[in-house]
1. For residues in the range A:36-66 being more than 9 Å from DNA strand E (Cβ to nearest atom) and charged (D, E, K, R), which is farthest from the chain's Cα centre (by Cα)?
2. Are there any pairs, at least 6 apart or on different chains, whose C-beta atoms fall under 6 Å, with the first in the range D:6-18 and in the same structural domain as D:Val61 (by TED's automatic domain parsing) and the second more than 6 Å from DNA strand E (Cβ to nearest atom) and open to solvent by less than 100 Å² (accessible area, probe 1.4 Å), and if so, which?
3. Taking only the range D:65-93 into account, find how many residues are within 14 Å of chain C (Cβ to nearest Cβ) and either of a type outside the set (Lys, Arg) or free of Cβ contacts under 8 Å to residues at least 24 places away in the same chain (or both).
4. Given the conditions (1) open to solvent by 10 Å² or more (accessible area, probe 1.4 Å); (2) within 13 Å of DNA strand F (Cβ to nearest atom), which single one is not true for A:Gly71?
5. Do we have D:Asp154 as open to solvent by 30 Å² or more (accessible area, probe 1.4 Å), facing chain C (nearest Cβ under 7 Å) and at pLDDT 90 or above here?
6. Is it the case that B:Val61 is within 14 Å of another protein chain (Cβ to nearest Cβ), closer than 30 Å to C:Arg8 by Cα and open to solvent by less than 20 Å² (accessible area, probe 1.4 Å)?
7. Of the conditions (1) over 22 Å from D:Ile74 (Cβ atoms); (2) among the charged types (D, E, K, R); (3) in contact with a helix residue (DSSP H, G or I) (Cβ under 7 Å, 6 or more places away or on another chain), D:Arg146 satisfies every one except a single condition; which number is it?
8. Which of (1) over 12 Å from the mean Cα position of the chain (by Cα); (2) in a helix (DSSP H, G or I); (3) modelled with pLDDT of 90 or more does A:Ala75 not meet, given it meets every other one?
Number of protein chains: 4
Amino acid sequence: MTDARRGRPRSDQADRAILGAAADLLTSVGYERLSVEGIAARAGVAKQTIYRRWPSKAAVVAEAVLAAQSGVAIAPPADTGDLRADLQEWALQYGLWLADPVVSAMIRGLVAAAVDSQTNATRLYDHLADPIRTAILSRLTQEAERGTLRKNADLDALIDAILGTMLYRVLSSLTDAPKPDLGGLMNILVDGVRAQ
Amino acid sequence: MTDARRGRPRSDQADRAILGAAADLLTSVGYERLSVEGIAARAGVAKQTIYRRWPSKAAVVAEAVLAAQSGVAIAPPADTGDLRADLQEWALQYGLWLADPVVSAMIRGLVAAAVDSQTNATRLYDHLADPIRTAILSRLTQEAERGTLRKNADLDALIDAILGTMLYRVLSSLTDAPKPDLGGLMNILVDGVRAQ
Amino acid sequence: MTDARRGRPRSDQADRAILGAAADLLTSVGYERLSVEGIAARAGVAKQTIYRRWPSKAAVVAEAVLAAQSGVAIAPPADTGDLRADLQEWALQYGLWLADPVVSAMIRGLVAAAVDSQTNATRLYDHLADPIRTAILSRLTQEAERGTLRKNADLDALIDAILGTMLYRVLSSLTDAPKPDLGGLMNILVDGVRAQ
Amino acid sequence: MTDARRGRPRSDQADRAILGAAADLLTSVGYERLSVEGIAARAGVAKQTIYRRWPSKAAVVAEAVLAAQSGVAIAPPADTGDLRADLQEWALQYGLWLADPVVSAMIRGLVAAAVDSQTNATRLYDHLADPIRTAILSRLTQEAERGTLRKNADLDALIDAILGTMLYRVLSSLTDAPKPDLGGLMNILVDGVRAQ
DNA sequence: CTCTAAGCGAGACGGTACGTCCGGTCTTCTA
DNA sequence: TAGAAGACCGGACGTACCGTCTCGCTTAGAG
């Protein structure tokens, strides 16, 4: 054991103010027009206080989005015995969540932050995608143990299809394009893996 | 009568130099560190010459990516009569295309350009996603006419699952995360829509 | 003959605005609290426009002071035949000039700019001191030709004493210290070089 | 009774380290690029320890220069009975002192510190100029009492000429300009005040 | 021999300014 | 006209210091 913490400790009030300001601005002006200077101003914080913590705008945004989202627990689908209905219900719930402009603005921001950065991309997929993957997998595993799924069903591929479609929906939410339908997708997927 | 274009016509050599430089830089430094000034310098062109053609960096990038990709015709899956095999084959081919670092860098750039911009998002989805949608739909329609698909199968949802998974694969290509498997996905989807 | 000037030429309206703003601020807030940013703001000019022309705050200030002073011709002392009276008159006139708070603020600023910089120091001594040296020397030379000065009189030393005392007076103008008396000095100097 | 200082007393080792670091840095990087943070780092001292003692960089520099110079006693010119020779000798000695790059760097620093500050200007003139003034005046007074000077000679003006010339020499030491000659000056001044 | 009041190195804090980069726009000259 | 060149205003970048403010830790005199 070596040197105790020396000097004034970092203020976690500043942490909160920064992440909050970043999330607010991301929602209101979008990723491109978001600036570290703007975050500092809104948070009532010096720029250096931001740069002491994160190396770039992308990193701040990534953390801000994950922090904002960390309150939302990703619940696994219920288990009523009816896989199709359970997934439909789950899709409905998270489809509404994704449709919230604030949520989709934040996720689009996170994607922008991840597009150029290995580190942020990893954070994104570890912290946002993995909980969803785990949640759905737990429900599918229950089903598999009852023997109601095909033996060789590729559950990872199934989950990726769900995640990919959700991502696609969020990214295309700026366009007039018809939004991918999570309900219809679930129907196909369930039929595709159900034991015959 | 003087309605014909007067003065020096635009140089399409300049066009090509600009789009080529943009594509090169996008691949080599990524979207964030790409600048209009950098494109102009590499293309040996004045900034004004770029701004005469496109309103923003995002628009240049979008056009550059689409131009680079326009050589690649999105062929519909072959029709051997075996839908599963045909989609597997198609997935294999485009899976390899997406795995090319240059292609994925460009698509990630386009996503970055689209994240904040309704216009670029629309361009992206019209020019990249729609041809794929059309290609797959044409094969599925053939199949449907033979009556080998369920009556109520939601073909749009199926295609969105494919597009979403492809997008997810590209965006996660920076991470060490296991890549979504297009082959396994196709299996599930075919089973999910095939008439029983 | 090679390439004519290409591109948009520098705006000499900007030049004037910058130098004017610098002179104003130097007078009103002093050298230490003068900032390039402040000059830019007051001149209605972008910072880059200043940095295109001068490498540092010290260089801008040096140029501004010299420009402001360039209107003031340093006249040689009159030649009435009475060297003592002529130098007294000259000292009175320039003593009043130095006593002007604006003038002394500018000269103090120039000294501050010159203290660390060989380049600015040289500018200062070439453009401010040399004209004074030349002016006085021309009067002394007339006198020497009449044979009214000692043969071996060190006229350079005499002039340096005048310049040094003027400088000392300006730099000590912030203090309550009694101001060096140019009139008394002239008396001594004239007596010190007059043929006996 | 509780008027004695309580708590840990100030460390005069810190004092010495600070003033030494300031003097070193002033010599090596000049006044402009000198920073309190740099002094603290070089002295191995916390910034607060500096600010507890002095209110500003200029004040530290002023004290550092005066401390460094305090070892050098300003001796009055010797009295051999020959005023001219005595002043020449004195000028020679202090001319060499001023020619030392370390000394002139420090004095230039002090001038920079004094340019904007009434307080530091006063310190400068009280602590550097006054001892010189006193030293020379004492010699001149001896001479005056012997009746070898003119009755109405303005001794203050004479001394200001010496101080001004010395200052001018230091400030112009960065340039290639010929240095004012203290020896020649002394000749003129002596001739200018000597009883005829 | 504890209590309390400094002082100390360390380092974070809100700020201001730095010098640079780039975004779009605007001349100027040349083709 | 278009195009290369490059200056213009503006805004943000990431860094350096400013002077202040905790931290935990001495180091003293007072009780």
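The values are calculated or read from the model by the stated rules, or taken from the named source; none is laboratory data. Everything numeric here is computed off the predicted structure, so don't read it as measured data. Glycine gets a Cβ as well: all are built from the backbone with ideal geometry, and neighbour counts include every protein chain shown. Accessible surface is based on the protein model in full, side chains and every heavy atom, while ligands, DNA and RNA are left aside. Shrake-Rupley method; radii C 1.70, N 1.55, O 1.52, S 1.80 Å.
1. A:Arg42
2. The qualifying pairs are D:Ala17/D:Ala43; D:Ile18/D:Ala43; D:Ile18/D:Ile50.
3. First, the residues of the range D:65-93 that are within 14 Å of chain C (Cβ to nearest Cβ): D:65, D:83-84, D:87-88, D:91.
Next, from what is left, pick out any that are either of a type outside the set (Lys, Arg) or free of Cβ contacts under 8 Å to residues at least 24 places away in the same chain (or both): D:65, D:83, D:87-88, D:91.
Matching residues across the range D:65-93 total 5.
4. Exception for A:Gly71: condition (2).
5. On the way: open to solvent by 30 Å² or more (accessible area, probe 1.4 Å): yes; facing chain C (nearest Cβ under 7 Å): yes; at pLDDT 90 or above: yes.
For D:Asp154, the condition - open to solvent by 30 Å² or more (accessible area, probe 1.4 Å), facing chain C (nearest Cβ under 7 Å) and at pLDDT 90 or above - is met.
6. Values: within 14 Å of another protein chain (Cβ to nearest Cβ): yes; closer than 30 Å to C:Arg8 by Cα: yes; open to solvent by less than 20 Å² (accessible area, probe 1.4 Å): yes.
Taking the combined requirement at face value, the residue satisfies it.
7. Exception for D:Arg146: condition (3).
8. (2)
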